[in-house]
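To start, the structure itself, in C-alpha cells.
Read-outs throughout are calculated quantities, based only on the coordinates presented, and are distinct from any laboratory measurement. Keep in mind it's a predicted model, so treat the numbers as computed, not measured. Glycine gets a Cβ as well: all are built from the backbone with ideal geometry, and neighbour counts include every protein chain shown.
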Amino acid sequence: MKKKDLAAIAMSYGYVYVAQVAMGADYNQCIKAFTEAESYHGPSIVIAYAPCINHGIRAGMSQAQTEIKNAVAAGYWNNLRFDPRLAAEGKNPFQLDSKAPTADYKQFISGEVRYSSLTRAFPDRADVLFDKAAENAKAKYEHLLRMAKLYDVE
C-alpha cells in the first residue's frame, strides 16, 4: 500500500504553504522552507524527515543526518515546497527541490532494522514488498515532476 501523502493533501487546498524538508540532504532548502513558512500569512505545514531510534539505523543515531541524506538520494523522501504567494505573482507555486534518485532504494531500506528484520523473517514476501515500495517511490517522483509542470504558468 502506498504511503499517505500529507503534503499532497495540504497542497490540494491551494492556500496552505507546504514544505517537505530533509536537513541532512539539503540544509539550505530546509532553512528556506522554514523562513517561507514563517513569513506566510496563512496556514503553513513543514514536514521534516527525521529518523528515530525505532528505525534501527545500522550506522546508529549518530549518523542520522547521513541517513536523511541517503533517504533523499534513494527517493525514499522528496524535498519540495508549495508557496501559494507565487501563484498570485503568476509564478509556479510548486517547487520540487529534490533531484531524481541516484541511490538504490532497496539498499537504503535494507540499512534499517525495521525493514531488514522482515527480510530475515519472510524473505520472499519482503522481496515482493520492497520491489513494490521501490516502484511506488519511482512513481511518486514522476508524479511530482508532473505536478511541477501542471502548476507551471509560464
Sorted by Cβ neighbour density within 10 Å, fewest at the top, the residues Cys52, Cys30: Cys52, Cys30
Label selected from [x] 134; [y] 111; [z] 166, the criterion being volume of the Cα convex hull per residue in Å³ as computed here: [y]
Nearest-0.05 FRET efficiency for Ala88 and Leu145, computed from C-beta distance (R0 22 Å): 0.40
Length added when fully stretched, Tyr40-Val113, from 0.36 nm per residue minus Cα-Cα: 22.4 nm
Cβ-based exposure ranking for Tyr17, Tyr49, Tyr27, in which fewest neighbours within 10 Å come first: Tyr27, Tyr49, Tyr17
Whole-Hz couplings from phi, Karplus 6.51/-1.76/1.60, listed for the stretch 31-46; x for Gly and Pro: 5, 4, 5, 5, 5, 5, 4, 5, 7, 6, 8, x, x, 10, 9, 10
The stretch 75-129: chymotrypsin sites (Phe, Trp or Tyr not before Pro) in DSSP coil with no more than 10 other Cβ atoms inside 10 Å: none
Ranked Ser12, Ser116, criterion: other C-beta atoms within 10 Å, fewest first: Ser12, Ser116
Rounded to the nearest 20 debye, dipole of the chain from Cβ charges on Lys, Arg, Asp, Glu: 340 debye
Where trypsin sites (Lys or Arg not before Pro) fall in DSSP loop in the stretch 2-48, at most 11 other Cβ within 10 Å: Lys2, Lys3, Lys4
In order through the stretch 70-84: 3J(HN,Hα) via Karplus (6.51 cos²θ - 1.76 cosθ + 1.60), integer Hz, x for Gly, Pro: 5, 4, 6, 4, 8, x, 5, 9, 10, 8, 7, 9, 10, 10, x
Sum of -39500 (n - 2.57) over DSSP H runs of 4+, divided by residues of the chain (222 nm, nearest 500): -15500 deg cm²/dmol
Charge context of Asp97, other residues only, Cβ under 9 angstrom, K/R +1, D/E -1: +2
